[in-house]
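See structure below.
The values are calculated or read from the model by the stated rules, or taken from the named source; none is laboratory data. Every value quoted in this text rests on a predicted model; they were computed, and no experiment measured them. All Cβ positions, even for glycine, are placed from backbone atoms using ideal geometry, and neighbour counts span all protein chains on display. Ligands, DNA and RNA are excluded from the accessible area calculation, which covers all protein heavy atoms including side chains. Shrake-Rupley method; radii C 1.70, N 1.55, O 1.52, S 1.80 Å.
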Amino acid sequence: MSSPKTVRWGILATGGIAITFTKDLLVDPTTRGVKHLKHTVVAAASSSSKSRAEEFLKETGSPSDAKAYGSYEEFVKDPNIDVVYVATPHSHHYQNAMLCLEAGKNVLCEKAFTVNAEQARELAKKAKEKTLFLMEAVWTRYFPLSIYVREQITSGRIGPVARVISDNSMALDPEKNMADGKNRMVNPDLAGGALLDLGIYALTWVFQTLYHTQPEKDRKPPKLLAFVKNYEPTEKADEHSTIILSFPRSKEAGGEAHAVATTSLRVATAPGGNMDTPCCRIQGPKGEIQVFPHSFRPTRTKIIDSDGKVEDKEWPIPGPGKGSGWYNGFGGSLQSEGEGQGMFWEADEAADAILNGRKEGKFLGLDESILIMEVMDEVRKQGGLVYPEKIETTKYPTQL
Ligand SMILES: NC(=O)C1=CN([C@@H]2O[C@H](COP(=O)(O)OP(=O)(O)OC[C@H]3O[C@@H](n4cnc5c(N)ncnc54)[C@H](OP(=O)(O)O)[C@@H]3O)[C@@H](O)[C@H]2O)C=CC1
Ligand SMILES: O=C1OC[C@@H](O)[C@H](O)[C@H]1O
């Protein structure tokens, strides 16, 4: 077998998820059975200072010759970078990803892809114009667990999916943990709120089971009805959103299917850390597939056939040894020995695409990312949630 090809990553921003992702990236791919590619980190950039980027490279165990930059603009000029991982808040994705694409870099951009669908369309257009790879980093889609669930659906195990109930909620106690309103989870200037941060996963499960499993030519956008409750102290970020969706499908494909997607930063899918309640139920006439929390990093499925037979499966995330641990998304990293976070699977997909000349993600292409942004635009429209113009704009460059 030929030796593995190495893909050279640049990390844009040095916050919580950038640390977690980079540690996962540097886990030996053979520990998860990947032999044809390797990842390395050649550069990192911090908008705060060059010294922060240096500290980040040390903290993540990046190679000692990786270059530290104190400016994103300087960083994107580095000729050694094959692909940039964009790890800034949602508000900044459009400007930062556009900066990378304009500089000729492939991009893996954190979720939510952008603030609105128009920005997502502009990024897709630019990537196409420059023949570059661009993918929204919805890591969960690349979990073996997700692949298995989609295969169970397409193989007809539960019959045509009739209904999906999906929740991603975390009781973050915002008054206690985010009292000054500056935290990215509640800060309107950073496109905060449950919908874009957590709701995207509730929608991910709806879309990857009801939409992505359909043959491409049969996929149709859903109609929806939404309710949004704003977080009172800032009034411009949602504390929960509830979305009812109806997916049109041909009679042969099972006819119209329904979904309910809920998200909250006030109440939890797994209250008190109790993981026994499914975060997603995928229901068909021949049975039900249940996925257990958290919906962004699930590690258990249960399939209950209509005759009552139960298949309960655990999906441990491979290590080895010290993985990145479990990042709770608002300032802390809980180290768990032996497990990775599971972000390496999306990194493998991005690297594989780049090595093979593919321009989009296999399990989440740009059209689907754009459609999900359109759904979130509609939810915000129905709920009256508008972000500041400077982060909704498609004008590039805009100083944020
Ligand atoms: N896939 C997943 O599991 C997760 C994904 N995320 C996503 O990752 C992104 C970042 O989240 P997270 O890492 O938790 O956020 P953090 O606040 O921890 O980090 C964001 C980083 O972005 C940079 N940045 C640039 N401009 C700003 C600004 N005006 N305000 C704040 N930060 C800025 C900073 O890095 P610097 O100073 O170095 O430039 C900062 O450290 C979000 O899109 C979020 O949705 C978050 C958690 C989990
Ligand atoms: O993507 C995410 O997954 C984990 C959550 O805790 C975090 O807030 C979110 O950004």
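Data overview
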| quantity | calculated |
| --- | --- |
| Among the residues listed as ALA191, ALA137, the single one being touching a His at 6+ places or on another chain (Cβ under 7 Å), within 13 Å of ligand 1 (Cβ to nearest atom) and closer than 30 Å to LYS359 by Cα | ALA191 |
| Residue in the range 65-118 that is farthest from ligand 1 (Cβ to nearest atom), counting only those that are aromatic (Phe, Trp, Tyr) and under 27 Å from GLY357 (Cβ atoms) | TYR94 |
| Test for GLU175: is it within 20 Å of VAL267 (Cα to Cα), away from ligand 2 (no atom under 16 Å from the Cβ) and not in a loop (DSSP other than H, G, I, E, B) | yes |
| Selection status of ALA43, at pLDDT 95 or above, within 16 Å of ligand 2 (Cβ to nearest atom), closer than 25 Å to GLY104 by Cβ and open to solvent by less than 40 Å² (accessible area, probe 1.4 Å) | no |
| Subset of the range 77-87 [part of a loop (DSSP other than H, G, I, E, B) and surrounded by 23 or more Cβ atoms within 10 Å (Cβ to Cβ)] | ILE81, ALA87 |
| Residue count, the range 28-64 (criterion: touching a residue at least 12 places away in the same chain (Cβ under 8 Å) and away from ligand 1 (no atom under 16 Å from the Cβ)) | 14 |
| Residues located in the range 11-44, provided they are in a helix (DSSP H, G or I) and of a type in the set (Gly, Ala, Ser) | GLY16, ALA18 |
| All strands (runs of 3 or more DSSP E) inside the range 219-327 with 1 or more residues being away from ligand 1 (no atom under 16 Å from the Cβ) and free of Cβ contacts under 8 Å to residues at least 40 places away in the same chain | 223-230, 238-247, 287-291, 300-305, 310-314 |
| Out of TYR201, TYR231, sole residue that is farther than 18 Å from ARG150 by Cβ and within 16 Å of ligand 2 (Cβ to nearest atom) | TYR231 |
| Hits in the range 173-188 (condition: more than 19 Å from CYS109 (Cβ to Cβ) and among the charged types (D, E, K, R)) | ASP173, GLU175, LYS176, ASP180, LYS182 |
